[in-house]
1. For Val114, only one of the following conditions fails: (1) more than 16 Å from ligand 2 (Cβ to nearest atom); (2) part of a loop (DSSP other than H, G, I, E, B); (3) open to solvent by less than 30 Å² (accessible area, probe 1.4 Å); (4) of a type in the set (A, V, I, L, M). What is its number?
2. Inside region 92-104, can you point out the residues that are open to solvent by less than 20 Å² (accessible area, probe 1.4 Å), more than 16 Å from ligand 2 (Cβ to nearest atom) and part of a helix (DSSP H, G or I)?
3. Among the residues in region 32-45, are any assigned to a helix (DSSP H, G or I), open to solvent by less than 40 Å² (accessible area, probe 1.4 Å) and in contact with a strand residue (DSSP E or B) (Cβ under 6 Å, 6 or more places away or on another chain)?
4. Collect the residues in region 57-71 that are of a type outside the set (S, T, N, Q) and open to solvent by 80 Å² or more (accessible area, probe 1.4 Å), keeping them in residue-number order.
5. Could you tell me how many of the residues in region 30-59 are away from ligand 2 (no atom under 16 Å from the Cβ) and closer than 21 Å to His248 by Cα?
6. Restricting attention to region 72-91, report how many residues are closer than 20 Å to Ser45 by Cβ, open to solvent by 10 Å² or more (accessible area, probe 1.4 Å) and not in a strand (DSSP E or B).
7. Can you pull out the residues in region 128-181 that are basic (Lys, Arg) and either modelled with pLDDT under 95 or not in a helix (DSSP H, G or I) (or both)?
8. Go through Ser199, Ser211, Ser218 for me and flag whichever is under 22 Å from Leu251 (Cα atoms), open to solvent by less than 10 Å² (accessible area, probe 1.4 Å) and more than 13 Å from ligand 2 (Cβ to nearest atom).
Amino acid sequence: MGQTFCYLKLFCYFCVKFCFSMLRFLSFGSGSSGNCYLLYTETDSLLIDCGVGVRLLNKHFHNYGLQLSMIHNVLITHDHADHVKSVGSLSGARQVPVYATQKVHQGIGHNWCVRRKIEQPLVRFVEKDVTVQVGEFAVTPFEVPHDSSDCVGYLIGHNDVSFVLVTDCGHITDGIRSYISKANYLVIEANHEPEKLKSGPYPKYLKQRISGPMGHLSNEECARALAENATPGLRHVWLCHLSDENNHPELARKTIESILRDSGIVAGKDFGLEVLKRKTPSEIFELK
Ligand SMILES: [Zn+2]
Ligand SMILES: [Zn+2]
């Protein structure tokens, strides 16, 4: 593949370097039935959240010509089951270190949905707003308000590319705004449409939890965060963690496109906009 970037059609040093350092992104599931994302190059990889069963994940990897053995490290956002249910099994079977805040690790330890626990030697702690080098990736966790033991988003730097993930977010804080403004590529939650949530079948306490400041981000809140904090450096946005009951991919896209348009931003022109599917893996995106 490297040759295609070389005018001399030679497998030169620069082409090899470019090819081997190309960052790719893939989603294996996004939403309450399981979240799992992969960032990888030819030589390293990070799995972000582990809410898809290992057997299914193995099948997905296989379908893309990838192997679970390529996973070098795992990052966890928070300890809700849809983000961690298979983390102990995956980590233990391949002796893969798992990075999370101390509170999230404690939460995983107490979560009965995580049947196989993370082995102690594989536990790695991260601190909010402190950058750690994880293989080829510079990883900075940051505070995200949510009703788990603790919750973080991640800024992940690889060469000149910055990737930011914000999921399970009750409301947008100044800290989150500043991280969004650093993103070239952004995964951000667009969980629900308030009217659909209000008129839907969920019990009152659950409606209040979802729409509350420690719950999930609505389409409108997501759009405002984008409109107010996107920079010219932002190239692509993926909407994640859409609710099956309280949202719809087309509704999320149209609502967000319309709010962006009112702010003078044209999705598809100023930056790409895509909805991640709940249970179906995405295509492989190249982050250049
Ligand atoms: Zn979740
Ligand atoms: Zn959650």
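The values are calculated or read from the model by the stated rules, or taken from the named source; none is laboratory data. For clarity, every value in this text was computed on a predicted model and none was experimentally measured. Cβ atoms come from the backbone with ideal geometry, glycine included; neighbour counts cover every protein chain shown. With ligands, DNA and RNA removed, areas are computed over all heavy atoms of the protein, side chains included. Shrake-Rupley method; radii C 1.70, N 1.55, O 1.52, S 1.80 Å.
1. (1)
2. Selection gives Gly92 alone.
3. Going residue by residue through region 32-45, those that are assigned to a helix (DSSP H, G or I) are none.
Looking for residues that are assigned to a helix (DSSP H, G or I), open to solvent by less than 40 Å² (accessible area, probe 1.4 Å) and in contact with a strand residue (DSSP E or B) (Cβ under 6 Å, 6 or more places away or on another chain), one finds none in region 32-45, hence no.
4. Step one: of region 57-71, the residues of a type outside the set (S, T, N, Q) are 57, 59-62, 64-66, 68, 70-71.
Across region 57-71, the qualifying residues are Lys59, His62.
5. Of all residues in region 30-59, those away from ligand 2 (no atom under 16 Å from the Cβ) come to 38-47, 53-59.
Narrowing the set further to residues that are closer than 21 Å to His248 by Cα leaves none.
Residues meeting the conditions: 0.
6. Initially, region 72-91 is screened for residues closer than 20 Å to Ser45 by Cβ, giving 72-77, 83-84, 86-91.
Next cut, open to solvent by 10 Å² or more (accessible area, probe 1.4 Å) only: 72-73, 89.
Restricting the remaining residues to those that are not in a strand (DSSP E or B) gives 72, 89.
Counting residues in region 72-91 that are closer than 20 Å to Ser45 by Cβ, open to solvent by 10 Å² or more (accessible area, probe 1.4 Å) and not in a strand (DSSP E or B) gives 2.
7. Step one: list which residues in region 128-181 are basic (Lys, Arg), which gives 128, 177.
The answer is Lys128, and nothing else.
8. Working: Ser199 fails: open to solvent by less than 10 Å² (accessible area, probe 1.4 Å); Ser211 fails: open to solvent by less than 10 Å² (accessible area, probe 1.4 Å).
The conditions single out Ser218.
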